[in-house]
Structures are given as structure tokens and as C-alpha cells.
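Written out below as C-alpha cells is the structure these notes cover.
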Amino acid sequence: MEYLHCSNINCNKLDRHLQVTTKWEPPTIHQLKLNIDGAFKGRFQQGGIGGVFRDSTGNWILGFTKTTTGPSPLYIELEALCYGLQLAVTYKFTNFQIETDSASIPSLIESKFSPLYNTLISKCRYWLKMLGNPPILHNFREGNKIAHELAQHGIQQANVYYSQTYLEVPDYLRDDVRADKEGINVTRTSTTNIIVLNNLAMLGNPLMSSFGCNATSTSMPTSAPNGRTRPCNHAT
């Protein structure tokens, strides 16, 4: 789910264009990265979650896709995080970072009160603490494409109990995984406004900070490289 959709701000005034060059960013050597995403059909409250663990060279370690249900897109996104963390515990992955295209996930994990999400937030905090509190990072959808495709695959399944874990790259993702390994950049133009960009800056996104965005900025960049990180120091 894209950062713009999940940001808790008024996005009615979309008056500028921002060109962003983005890609999947590998973790450091000897570390894994978990990318997660969720897909949601509001009419039926159907959802799909997906995620993938990869190493610093982009090698596939473990992936998952699953159907689910929930009341909102953000609820589904939290389910993806929770499920990925449970797999990390099962497979004893301890040195890893997490990446999502939702800017709201870190804020929710840190929040003290959110009735709709309390149960999932508590589960996520439990698994995060057990795993040594891995950081949660932000990337745009194009840099989170594999997880996005896995979530879409989950929501397309007729079986509401569908769940699949991949120890190897599934055929329908081979080209995209290869592109990520090769570090191929994708350029996108987003129609957005300074409030959205400042929101990402306040979440610790270095792209926005390095290009002049902050809580009081009145200017906005017209182009920028990839913005991706938001370390999460969640409440315990």
C-alpha cells in the first residue's frame, strides 16, 4: 500500500509533481531484509498479504503469500508485518531489517491507543521485541515491488484459507527479482504536496530531509533520488 494512501493527512490539494528515482535497496552485508505489503478489496473486506526475505546480494531466502480478511488497508498491512515477524521467529532470522511502502506502520507501532488495531499492534510489538527490535524502513512502491506482487497474488486466490511459503523464487517473480538484484532504477512522477513530503520527512525519510523538506518547509523539490529509511524505536 502506497505511502500517500496510508499517510494520516489531508491529501485533497495535490498540486505539485515530484519525480522520484527509486529501487529496492539491499541490506548491509550479513543482514537480511524483509519487505512486506498488503492488498485490500474494501467492498468484501478481502485482503492478501505478501513478503520476502532477501540477503545483501538480493538472493531470495524466503517468501510468503496469504489470503486474509480485515476492515481496512492498514489492518491488512499490519497483518503482513505480523506474519513476516512470525516467520522470522520460526526460521530463526535475527539480524534483519523491515521495509514497507506504508508510512503509517511505524507510527502505529509506536502509538499508545488505536482501538481498531490494538490486537495486531500488540502482536507485532511482541514479535519485534523477541527479534531484537529490527528497524522498520520506508520505500516507495516501486522499491517494494516483490512484496506488492506477492500480496496481489494472495488476494486473487479463490480459497480464503490460501497460504504459500516459497523457499525459491516463484516463476511469476523471476524477472522482478532479477531486476532488484541488478539494482535497476525506476522513475516515477507523483502528484503530491508539501504536506505529504513533510510528513515523510518527520518520519525520518532522508530523501525528504536532504531535499529541504521539514515540518515548516514552504518549498518542495521537483526531483530527487530514492527516499527510504525510517528506523522504528517502538514503545514496549
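Overview of results
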quantity: Cut-off under 5 Å, modelled amide H: who pairs with LEU62 long-range; calculated: PHE53
quantity: Cβ-based net charge around ALA147, under 9 Å, with every Lys or Arg adding one and every Asp or Glu removing one; calculated: -3
quantity: Ordering of 18-29, 34-45 by packing [mean C-beta count within 10 Å, highest first]; calculated: 34-45, 18-29
quantity: Over 27 Å (Cα to Cα) - which of LYS92/LYS112; LYS112/LYS181; LYS123/LYS181; LYS33/LYS66; LYS23/LYS129; LYS33/LYS129 fall in this group; calculated: LYS92/LYS112; LYS112/LYS181; LYS123/LYS181; LYS23/LYS129
quantity: Accessible carbon and sulfur surface of segment 17-203 relative to its total accessible area, %, 1.4 Å; calculated: 51 percent
quantity: Order by protection proxy (mean Cβ within 10 Å, highest first), peptides 48-54, 111-117; calculated: 48-54, 111-117
quantity: Total charge dipole magnitude, segment 94-177, about the Cα centre, Cβ charges on Lys, Arg, Asp, Glu only, Debye to nearest 20; calculated: 540 debye
quantity: Table column - 3J(HN,Hα) (Hz), segment 167-180, Karplus curve with 6.51, -1.76, 1.60, x for Gly and Pro; calculated: 8, 10, 5, x, 4, 6, 10, 4, 5, 5, 5, 5, 4, 5
quantity: Dipole in debye (nearest 20) - segment 17-203, about Cα centre, beta carbon charges: Lys, Arg +1; Asp, Glu -1; calculated: 400 debye
quantity: Summed residue charge, Cβ within 15 Å of ILE121's Cβ, Lys/Arg positive, Asp/Glu negative; calculated: +1
quantity: Förster radius 35 Å - calculated FRET efficiency between LYS129 and THR57 (Cβ-Cβ, nearest 0.05); calculated: 0.75
quantity: Three-way shape call for segment 3-143 based on the alpha-carbon gyration tensor, with the a/c threshold at 1.5; calculated: oblate
quantity: Ordering of 122-135, 69-82, 168-181 by burial proxy (mean other Cβ atoms within 10 Å per residue, highest first); calculated: 69-82, 122-135, 168-181
quantity: Interchain or long-range residues, amide H under 5 Å from THR69's placed H; calculated: GLY47
quantity: Residue (of ALA151, PRO106, TYR91) at the positive-pole extreme of segment 17-203, dipole from beta-carbon charges; calculated: PRO106
quantity: Cut-off under 5 Å, modelled amide H: who pairs with GLY50 long-range; calculated: ASP37, ALA151
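The values are calculated or read from the model by the stated rules, or taken from the named source; none is laboratory data. Please read all numbers here as calculations on a predicted model, not as lab measurements. For neighbour counting, all protein chains shown are included, and Cβ atoms are generated from backbone atoms with ideal geometry for every residue, glycine included. Ligands, DNA and RNA are excluded from the accessible area calculation, which covers all protein heavy atoms including side chains. Shrake-Rupley method; radii C 1.70, N 1.55, O 1.52, S 1.80 Å.
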